Amino acid sequence: MTGENKEVGRNIEKKLLSMIEAVIFMYGVPVKERRLAEILDESIENIREGIKSLKISYTNRESGLSIMHIDEKVQIVTSKDQYEIIKKFTKKELEGSLSQSSLEVLAIIAYRGPIAKPDIEAIRGVNCSFAIRNLLLRSLISKKPHPTDFRTQIYKVTLDFYRFLGISNEKELPDFENLAKDYRIDAILYNEKDGNNKKRIS
C-alpha cells in the first residue's frame, strides 16, 4: 500500500470511529453491535474493531469516559476512576433544583407524552439520559415499554408531577391545547408540515 493509500485508510478508520462514538453517545443506553452495523452500514467485524480501538483510545488518554462492551452491547460510561466525583455531582443534582435541561425534558414529556427517548432527543438535539434518570429518581416521570417497539421505553409524567404543580391533569398545563399539537414539533417527529396525521402513542 502506498503512503497515499495508507493515509486514506487511516482517514476512513478515523471517520468510522467518530461515527461509532457519536451513535453510542446519542443512544445513552447499551446499543447492540448489530444495530450499530445497520445504522452505519458496516460489517460486524469493522464495528467490533472500531469499538476496541475506541476503548484503547479512551484508556490511553486517561479520559473521564470509558467504553463498556458486554454481551455484544456497547455503551459510553464514566470512568471508574471518576466514581467519587460523579457520585458527588449526582447527589447535588438530586438534592437541588431541577437543571434547565431537566426542566426542558420534563416539559416535553408533559406536553408530548407518552414519548420515547429518541423523540425527546430529536426535539432537544442532545442526549437526555441524565435528565431522564434525574426525573425518574424524583418520581416526576414514569416509564413503560413502547407498545410497538419492545426495544424502546416511553415516558409520561406522574401523579406526583401533577400534585407538585397543584393541577389534576395535563389539560390544566399552560396553553396545553396549542403546545401539545405544535406543528413545528410534529414536523421534527413525523416529518410532517402540520399535525393533521399525527399518531399519538397511547
Q: Would you check which residues across segment 34-67 are loosely packed, with under 15 Cβ neighbours inside 10 Å and in contact (Cβ under 8 Å) with a residue 24 or more places away in the chain and list them?
A: R34, S57
Q. Hey, among the residues in segment 142-162 that are surrounded by fewer than 17 Cβ atoms within 10 Å (Cβ to Cβ) and of a type in the set (A, V, I, L, M, F, W, C), which one's farthest from Y27 (Cα to Cα)?
A. L159
Q: Spot the failing condition for D119; the list is (1) touching a strand residue (DSSP E or B) at 6+ places or on another chain (Cβ under 7 Å); (2) surrounded by 17 or more Cβ atoms within 10 Å (Cβ to Cβ), and only one is missed.
A: (1)
Q: Mind listing whichever residues of segment 131-158 are within 16 Å of the chain's Cα centre (by Cα), within 26 Å of K87 (Cβ to Cβ) and charged (D, E, K, R)?
A: R133, K143
Q: Kindly list the number of the only condition in (1) within 16 Å of S129 (Cβ to Cβ); (2) modelled with pLDDT under 85 that fails for L65.
A: (2)
Q. What tally of residues in segment 157-183 results from selecting those that are in contact (Cβ under 8 Å) with a residue 12 or more places away in the chain and under 15 Å from I108 (Cα atoms)?
A. 11
Q) Is it fair to say K73 is in contact with a helix residue (DSSP H, G or I) (Cβ under 8 Å, 6 or more places away or on another chain), surrounded by fewer than 19 Cβ atoms within 10 Å (Cβ to Cβ) and within 26 Å of E21 (Cβ to Cβ)? A) yes
Q: Residues being of a type in the set (D, E, K, R), in contact with a strand residue (DSSP E or B) (Cβ under 7 Å, 6 or more places away or on another chain) and farther than 16 Å from A37 by Cα: count how many of those fall in segment 57-76.
A: 0
Q.
Condition (residue is part of a helix (DSSP H, G or I) and at pLDDT 85 or above) applied to segment 138-148: is it met by at least one residue?
A. no
(Q) Going residue by residue through segment 118-132, is there one that turns out to be of a type in the set (K, R) and either at pLDDT below 85 or assigned to a helix (DSSP H, G or I) (or both)? (A) yes
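The values are calculated or read from the model by the stated rules, or taken from the named source; none is laboratory data. Bear in mind the structure is a predicted one, so any value in this text is a computation, not a measurement. FYI the Cβ positions are ideal-geometry reconstructions off the backbone, even for glycines, and counts take in every protein chain you see.
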